[in-house]
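Please treat every number below as a calculation from the coordinates, not as lab data. No experiment lies behind these values; they were computed from the predicted model shown. Every residue, glycine as well, gets a Cβ built from its backbone with ideal geometry; the counts of neighbours run over all protein chains shown.
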Amino acid sequence: PFKVLMDEDMEQLVDSVRRSGVMTPATVRQKEDGRYELISGHRRKKACELAGLETLKCEVKELTRDEAIIVMVESNLQRTTILPSEKAFAYKMRLEAMKRQGQRTDLTCSPVGNKLQGVKSSDELAEKVGESKNQIFRYIRLTELVPEILQMVDERQIAFRPAVEISYLSEEQQYTLLEAMGYND
């Protein structure tokens, strides 16, 4: 769900990679077909490409698909700039992965045994990312927006809360709204 943007931060990363190389290895996992999947380090990979490097130092971790999703979301939520659409799809993916895992205590719960106390995945995610459960669900609602409207949210042409309300419209209604917005500028 995260995009690699060509912004000032990326330019600085490319310069840093040219000067000093990559300080922190990327994280990959081996898939069932024997190939490797990049879990975290997409920006570092792009910076290496732009700096003319042909290799990227990687750490191979044994992770299931759901574990990989959780690691990917956690590592990317530490970035300084995250678009609303990135948060929306990241929270959705993370919550789905946590639910599929059945809240394994070694991955998603505290050592004091929240699992036994009936803590929901959404409560656990809210605590982990420092947002209210309602705010997480608002972000996830953004995944119901048509791409054009979601882009407008990312570009701050539509505010977050109105966008959440728009997400409850059908796809057809959203496109009608988009057309009306175009007429009225």
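A cut-off of 5 Å between modelled amide H atoms, ignoring neighbours fewer than 5 places along the same chain, links Leu169 with no other residue.
With the contact rule set at Cα under 8 Å and sequence spacing of 6 or more, what percent relative contact order holds for the chain? Don't skip to the end; give the middle numbers.
Working: 188 pairs, mean separation 29.8, N = 185.
Relative contact order comes out at 16 percent.
Global size of the chain: 19.1, 57 Å for Rg and Dmax (C-alpha atoms, Rg to one decimal, Dmax whole). In this rough spin-label picture, where each label sits 7 Å from Cα along the Cβ direction, the Leu177-Thr81 distance is 2.6 nm.
Residue by residue, region 145-160 carries 3J(HN,Hα) couplings of 7, 5, x, 5, 6, 4, 5, 5, 5, 4, 8, 6, 7, 10, 6, 4 Hz when phi is fed to the Karplus relation 6.51 cos²θ - 1.76 cosθ + 1.60 (θ = phi - 60°); x denotes Gly or Pro. Amide H contacts under 5 Å for Ile39: Thr27, Val28, Arg29, restricted to partners 5 or more places along the chain or on a different chain, H placed in the peptide plane at 1.01 Å from N. The phi-based Karplus calculation (6.51 cos²θ - 1.76 cosθ + 1.60; θ = phi - 60°) puts the 3J(HN,Hα) values of region 29-40 at 9, 8, 7, 4, 7, x, 7, 10, 10, 6, 9, 9 Hz, whole numbers, x for Gly and Pro.
Between Arg18 and His42, the contour length at 0.36 nm per residue exceeds the Cα-Cα span by 7.0 nm.
Would you kindly state the longest site-free stretch of the chain, with sites defined as GluC sites (Glu not before Pro) in a DSSP loop (not H, G, I, E, B) surrounded by at most 12 other Cβ atoms within 10 Å?
On the way: sites that count: Glu32, Glu54, Glu62, Glu155.
That would be 63-154.
Given H placed 1.01 Å from N in the peptide plane, which residues other than close sequence neighbours of Ile158 have an amide H under 5 Å from its amide H? Residues meeting the criterion, in which the H sits 1.01 Å from N, are Val153. For region 49-56, backbone phi angles converted through the Karplus equation (6.51, -1.76, 1.60; θ = phi - 60°) give residue-by-residue couplings of 4, 5, 7, x, 7, 9, 10, 9 Hz, Gly and Pro being listed as x.
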